[in-house]
1. Highest mean first, how do 42-51, 56-65 rank when packing is the count of other Cβ atoms within 10 Å averaged over residues?
2. Pick out which of GLY188, GLY326, GLY204 has the largest mean-square fluctuation in a Gaussian network model of the chain, springs linking Cα atoms closer than 10 Å.
3. What share of all Cα pairs of segment 188-242, in percent, falls into each consecutive 5 Å distance bin?
4. Quick check: Cα centre of segment 187-206 to Cα centre of segment 80-104, how many Å?
5. Please list, ordered by chain and number, the residues whose modelled amide H lies under 5 Å from the amide H of ASN282; skip anything fewer than 5 residues away on the same chain.
6. Over segment 218-377, consider all pairs of different Cα atoms and compute the Kirkwood hydrodynamic radius from their mean reciprocal separation; express it in Å, one decimal.
7. Quick one: Karplus J couplings for segment 106-121, per residue in order, coefficients 6.51, -1.76, 1.60, θ = phi - 60°, nearest Hz, x for Gly and Pro?
8. If the convex hull of the alpha-carbon atoms of segment 267-313 is projected onto planes in all directions, what is the mean projected area in square nanometres?
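The values are calculated or read from the model by the stated rules, or taken from the named source; none is laboratory data. As the structure is a computational prediction, the values presented were derived from the model and not from experiment. Counting neighbours? That spans all protein chains shown, and the Cβs are built from the backbone with ideal geometry, glycine included. For accessibility, only protein heavy atoms count, side chains too; no ligands or nucleic acids. Shrake-Rupley method; radii C 1.70, N 1.55, O 1.52, S 1.80 Å.
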Amino acid sequence: MSDSSPLPSAAPFWLSVALIPLIALAAWQGGAWWALVPLYAWYLTTALDGVLGLNEANPDPETATDQLFWHRAVTLIWFPLQIAAILACVWLAGRTDHLSGWESVGLFFALGVVSGSVGIVYAHELLHQKSPAERWLGDLLLASVLYSHFRTEHLLVHHSWVSTPRDAVSARYNEGFYRFFWRVLTDGPRSAWAAETRFLARAGRSPWDRRNPFWRYAALQGLMLAAALALGGWTGLLLFLFQAFIAVWQLELTNYVEHYGLSRKHLGEGRYEPVRPRHSWNASHTATNWLLINLQRHSDHHTKPDRRFPLLQTYSEDEAPQLPMGYPAMTMLAMVPPLWRRRMNPRVRAWRKRFYPDITDWTPYTRGDLPMPRNAL
């Protein structure tokens, strides 16, 4: 990492900003122009991965935050860009005759790709920081897709209990995406509420205490819904809900890929081994890591959750399992469970033999029958 962190070193991570003009073009022209968004976010970046290959260089993890200005800037400006795009499209689709019904659906599908593939990824980065301003921006981004409980579930549950039965978003071996998606949609909010209320109880506080962030989640999501209804009427509100669903689908596809089939060793009596790089799938594909601000260096993120994205390290296959492709391609594969199992199940079995040759019966891990971790929220 350069001492001055000039804009050119950060510029590749600004690939996401090009999605905003593509949304504007789709809103202005109608037709099938919305398709440029998934083509850019999913297919072009995957093709560039094929050309550029892997980036296995590791930056200096001790680089000071003030040397990362241009890297951080793209995450800081993203909420105003995203909410302006969403609300402008809500007004356009709900209050004018500019777009047909199918053109509006296509446009809001594209918006969901943007708010899910980029917005939630940036929210994830912001929520892990200590700055209140960054955390607020993360909350606003999650509220814009009506998934605010993700903050609690991610910070209080996922990072503590990833790859154990307590974590809803650790996909089990042989679990298809659709079954996983339904399980997360139904278990996630309940799990987040339970974690937050238990956290408050440990301090002697009630679930209805003002410190419970679910009050903030409800207020922010209510504001988003009210704005959509005011600007676009019932049509605008329904389309807003549609983009939120597409965004959540994108998020949970990514969650599915990140830890599929990987389990922490149960040490007995509800005790589990510490989190290690081996418990996340790692991917060093260049272009998709630019778009996803190094989210695919996921093994290091779980090792150092508050490490800023430009400083995340990558790992060799001796330390962490490797994905054969970047997230966009892997999530498309996940949508076809037989193809996913054919590609990934042999990798999970190889991972088990490599890191846990002493475990002879994986049935309890596969079924999720192991005890809940002790002291888990």
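1. Listed from highest to lowest mean packing, they are 42-51, 56-65.
2. Answer for the Gaussian network model of the chain: GLY204.
3. 4, 20, 19, 15, 12, 11, 11, 6, 2
4. 37 Å
5. Counting only residues 5 or more places away or on other chains, the set is GLN322, LEU323.
6. Taking every pair of different Cα atoms in segment 218-377, averaging 1/r and inverting gives 18.2 Å.
7. x, 4, 7, 4, 4, 4, x, 4, 5, 6, x, 6, 10, x, 6, 4
8. Mean shadow area of the hull around the Cα atoms is 3.6 nm².
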